[in-house]
Amino acid sequence: MSKRTWQELPKGAVSYKSSMDYKTGDWGVEAPKIDHSKCTKCMLCHFYCPEGAILVREDGYTEPDLDYCKGCGICAKECPVKCIEMVRK
Ligand code: SF4
Ligand code: SF4
C-alpha cells in the first residue's frame with residue numbers, strides 16, 4: 001500500500017483548520033469576546049486557536065471569526081493577560 005501525503009487525504013481526514021471548508025460557527029454555544037483595552041497584541045490566541053478562527057486585524061489586534069469559531073475556549077485560556085471572555089451567543 002502506497003503512502004499518501006496529508007494533502008492527498010480526503011476532506012475530513014485532516015482535522016487542523018479543516019473547518020475552514022465548512023462554516024462551523026453555529027456549533028458552539030459560547031464565543032470569545034476580546035477586551036482590546038487590555039490586549040498586548042501578542043497573537044498567542046491566533047496561534048493557539050485550533051480552527052484558525054482568530055484573525056489578526058491591520059491594527060495588530062485580534063478578532064474572532066464567528067463563522068468558524070466552535071467556542072472551545074482555548075484562546076481565552078491561553079491569553080496571558082486574560083482579556084478574552086467566553087460569552088453565550
Ligand atoms: S473559542 Fe476556540 S475556536 Fe473559537 S476562537 Fe477561541 S480557540 Fe478558536
Ligand atoms: S492572547 Fe490576549 S493579549 Fe494576546 S493578542 Fe490575543 S487577546 Fe491580545
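Overview of results
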quantity: Failed item, numbered, when PHE47 is tested on (1) of a type in the set (A, V, I, L, M, F, W, C); (2) at pLDDT 95 or above; (3) over 10 Å from the mean Cα position of the chain (by Cα); calculated: (3)
quantity: Odd one out for LYS17, checked against (1) in contact with a Cys (Cβ under 7 Å, 6 or more places away or on another chain); (2) over 15 Å from GLU85 (Cα atoms); (3) at pLDDT below 95; calculated: (1)
quantity: Top-ranked residue in the range 39-59 [being charged (D, E, K, R) and surrounded by fewer than 14 Cβ atoms within 10 Å (Cβ to Cβ); ranked as nearest to ligand 1 (Cβ to nearest atom)]; calculated: ARG57
quantity: Qualifying positions in the range 27-38 - surrounded by 15 or more Cβ atoms within 10 Å (Cβ to Cβ) and within 8 Å of ligand 2 (Cβ to nearest atom); calculated: ILE34
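The values are calculated or read from the model by the stated rules, or taken from the named source; none is laboratory data. Predicted model, so just to flag it, every value in this text is computed and none were measured. Cβ coordinates were reconstructed from backbone atoms using ideal geometry, including for glycine residues, and neighbour counts include every protein chain displayed.
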